1. Tally the residues that are touching a residue at least 24 places away in the same chain (Cβ under 8 Å), of a type outside the set (A, V, I, L, M) and surrounded by fewer than 23 Cβ atoms within 10 Å (Cβ to Cβ), restricting the search to the range 61-71.
2. Sort out which residues of the range 153-171 are part of a helix (DSSP H, G or I), over 15 Å from Leu93 (Cβ atoms) and touching a residue at least 12 places away in the same chain (Cβ under 8 Å), and write them in order of number.
3. I need the full set of residues from the range 130-171 which are farther than 18 Å from Leu52 by Cα and small (Gly, Ala, Ser), in order please.
4. Tally up the residues in the range 102-117 that are under 19 Å from Gln92 (Cα atoms) and in contact (Cβ under 8 Å) with a residue 24 or more places away in the chain, please.
5. Say whether the condition of being within 10 Å of the chain's Cα centre (by Cα) and closer than 22 Å to Leu37 by Cα is met by at least one residue in the range 64-78.
6. Do you know which residues across the range 17-56 are surrounded by 15 or more Cβ atoms within 10 Å (Cβ to Cβ), modelled with pLDDT of 90 or more and under 25 Å from Val104 (Cα atoms)?
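The values are calculated or read from the model by the stated rules, or taken from the named source; none is laboratory data. Nothing here was measured: the structure is a model prediction, and the numbers come from that model. No Cβ is skipped: glycine too gets one built from the backbone with ideal geometry, and neighbour counts run over all protein chains shown.
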Amino acid sequence: MLAGAVALTGLGVGMGLGLWRQSPKTLAEPAGWVFDLQLQKAGQARGELLSLAEFRGKPLVVNFWATWCPPCIEEMPELSSFYDKYHPKGVQLLGIAVDSPSNVREFLEERRFSYPLVVAGANGSELASRLGSRIDAFPYTVLVAPNGQVTQQKMGRIYEEELTKWVEDYI
């Protein structure tokens, strides 16, 4: 009986450590560098760029996604709904595709979303890492406060209710 309890405790500690290692980094690193980026607008054949400087000074939700990621695709309609409600109140939302421009262009031929989408390609994984992601998995979402600090982050599918709680102090 005691051996079983010890084994279960060890299993719980091991699982906890594994989840901790895969969870996002602390929120301490400043992310003001995000506003210096220029990324290719999604769906554009000629590579028109979006300057993230236009988001400076506003709360910015950044969502990393890929066309081959089912939870990413599942959350996109909710992200559009969130954007439609909170963009008029000054909250920004940006989807960064960690995918090829051609895959994203093809994906968007059949779908429309109200929030801006850009393509970062393989560099998107590095950007997500700089914003706190500890594993190369998607979706990954962060909230960058107007002062450039990451104040919220989540690995995995996000829901509109969660995003609403994230931004309630900014509206």
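1. Step one: of the range 61-71, the residues touching a residue at least 24 places away in the same chain (Cβ under 8 Å) are 61-69, 71.
Still in the running and of a type outside the set (A, V, I, L, M): 63-65, 67-69, 71.
Next cut, surrounded by fewer than 23 Cβ atoms within 10 Å (Cβ to Cβ) only: 67-69, 71.
Summing the residues that are touching a residue at least 24 places away in the same chain (Cβ under 8 Å), of a type outside the set (A, V, I, L, M) and surrounded by fewer than 23 Cβ atoms within 10 Å (Cβ to Cβ) in the range 61-71 gives 4.
2. none
3. Residues satisfying the conditions are Gly132, Ser133, Ala137, Gly156.
4. Taking the range 102-117 and keeping what is under 19 Å from Gln92 (Cα atoms), we get 112-117.
Imposing the further condition that a residue be in contact (Cβ under 8 Å) with a residue 24 or more places away in the chain reduces the set to 113-117.
Summing the residues that are under 19 Å from Gln92 (Cα atoms) and in contact (Cβ under 8 Å) with a residue 24 or more places away in the chain in the range 102-117 gives 5.
5. Step one: list which residues in the range 64-78 are within 10 Å of the chain's Cα centre (by Cα), which gives 64-65, 72.
Pick out the ones that are also closer than 22 Å to Leu37 by Cα and you get 64-65.
Checked against the condition, which is being within 10 Å of the chain's Cα centre (by Cα) and closer than 22 Å to Leu37 by Cα, the range 64-78 yields at least one hit.
6. Listed by number, the residues that qualify are Val34, Phe35, Leu37, Leu39, Gln40, Lys41, Ala42, Leu50, Leu52, Phe55.
For (1) surrounded by 21 or more Cβ atoms within 10 Å (Cβ to Cβ); (2) modelled with pLDDT under 95, each residue gets a yes or a no:
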position: Arg112; (1), (2): no, yes
position: Ala128; (1), (2): yes, no
position: Arg134; (1), (2): no, yes
position: Arg157; (1), (2): no, no
position: Lys165; (1), (2): no, no
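Rundown of residues vs (1) more than 12 Å from the chain's Cα centre (by Cα); (2) within 10 Å of Ala42 (Cβ to Cβ), yes/no style:
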| position | (1), (2) |
| --- | --- |
| His87 | yes, no |
| Gln92 | yes, no |
| Ala97 | no, yes |
| Pro101 | yes, yes |
| Leu108 | yes, yes |
| Arg111 | yes, no |
| Tyr115 | yes, no |
| Glu126 | yes, no |
